[in-house]
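The values are calculated or read from the model by the stated rules, or taken from the named source; none is laboratory data. None of these values were measured; they are calculated from a predicted model. Positions of Cβ are generated from backbone atoms using ideal geometry, with glycine treated the same way; all protein chains shown enter the neighbour counts.
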Amino acid sequence: MSKRIAIMQPYIFPYIGYFQLANYVKKFVFYDDVTFIKQGWINRNKITVNSQEIFFTVPLSKVSSYKRIHEVEINKNIFKKIKKKLYKSIEQAYGKSPYFKEVNEIIKSTFELDTNNINEMAQHSVKSISKYLELKTEFFNSKNAYQNDSLSGQDRVIDIVLKEKANHYVNPIGGRTLYDSETFKQRGINLSFIKVDDNLKNQLIIDILMNFNKEEVKKILNQYSIVK
């Protein structure tokens, strides 16, 4: 029996493929004890305002590439100042959308979360949407869980998969060059990649949730292919 697992860094309101991956696997590990990458997608994303994509960013405090994701703090003073404008932009963009009320509640519950930690906020955005969509996925953190800091790259991923007693590792198609299927096979692990359908490649999860009901979004979550 295939026991599928995914391992991904936490992102704030990530793209649709992230949720397709979460829906496809049984276990999903937030890879939150690896180095924080500046200008990545952990603390920033986009909304669509008047047919144009606009970036938003959760401001951080003392960002350093030497810190791990779970160590990075939000600059709450700056965030407090810009949140009002962000909420107005969201309402301007989606106020007339059919599912604005419920999705806006998810957005606000994330941005108003009582935390100083971007890792916790990003994970909350993923878990809240997953709960809203009734996904059955089990979520875990890599922080303090696997005691494998001496490993890196695919060796560390393989170690996590084995410790979770999984036998099928699934990654987004963009990671295809990072992993060697033969190495996974030698450890008893099947390696696959999930490829979002072309018509969904650039779709923002907030856009989708605002404009489609739960059942329609669940159908969208199945618009992918699995590649070896």
Would you say residue 28 is in a loop (DSSP other than H, G, I, E, B) and either among the aromatic types (Phe, Trp, Tyr) or surrounded by 15 or more Cβ atoms within 10 Å (Cβ to Cβ) (or both)?
-> no
Just need a number here: residues in segment 1-40 that are farther than 17 Å from residue 165 by Cα, among the charged types (D, E, K, R) and at pLDDT 95 or above.
-> 2
Mind checking which residues of segment 33-69 are under 21 Å from residue 120 (Cβ atoms), touching a Phe, Trp or Tyr at 6+ places or on another chain (Cβ under 9 Å) and among the hydroxyl-bearing types (Ser, Thr, Tyr)?
-> 35, 64, 65, 66
Return the total of residues in segment 174-228 being of a type in the set (A, V, I, L, M, F, W, C) and part of a helix (DSSP H, G or I).
-> 9
Given the conditions (1) part of a helix (DSSP H, G or I); (2) in contact (Cβ under 8 Å) with a residue 60 or more places away in the chain; (3) not basic (Lys, Arg), report the number of the one that residue 144 does not fulfil.
-> (1)
Could you pull out the residue among 97, 64 that is in contact (Cβ under 8 Å) with a residue 24 or more places away in the chain, exposed (fewer than 13 other Cβ atoms within 10 Å of the Cβ), outside any helix (DSSP H, G or I) and out of contact with any strand residue (DSSP E or B) (no Cβ under 8 Å at 6 or more places or on another chain)?
-> 64
Matching residues, segment 33-47, being polar (S, T, N, Q), assigned to a loop (DSSP other than H, G, I, E, B) and in contact with a strand residue (DSSP E or B) (Cβ under 7 Å, 6 or more places away or on another chain) = 43
Can you find a residue in segment 173-183 that is over 30 Å from residue 219 (Cα atoms) and either surrounded by 14 or more Cβ atoms within 10 Å (Cβ to Cβ) or acidic (Asp, Glu) (or both)?
-> yes
Single condition residue 55 does not satisfy, out of (1) modelled with pLDDT of 95 or more; (2) in a strand (DSSP E or B); (3) surrounded by fewer than 20 Cβ atoms within 10 Å (Cβ to Cβ); (4) of a type in the set (A, V, I, L, M, F, W, C) = (1)
Residues that are assigned to a helix (DSSP H, G or I) and free of Cβ contacts under 8 Å to residues at least 40 places away in the same chain, drawn from segment 72-84 | 77, 78, 79, 80, 81, 82, 83, 84
Is there any pair with a first residue in segment 160-188 that is without any contact (Cβ under 8 Å) to a residue 40 or more places away in the chain and closer than 20 Å to residue 17 by Cβ and a second that is exposed (fewer than 15 other Cβ atoms within 10 Å of the Cβ) and of a type outside the set (S, T, N, Q) whose Cβ atoms are under 9 Å apart and which are 6 or more apart or on different chains, and what are they?
-> 178/153; 179/153
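Results for (1) in a helix (DSSP H, G or I); (2) touching a residue at least 40 places away in the same chain (Cβ under 8 Å), shown as yes or no for each residue.
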| position | (1), (2) |
| --- | --- |
| 86 | yes, no |
| 90 | yes, yes |
| 106 | yes, yes |
| 113 | no, no |
| 124 | yes, no |
| 140 | no, yes |
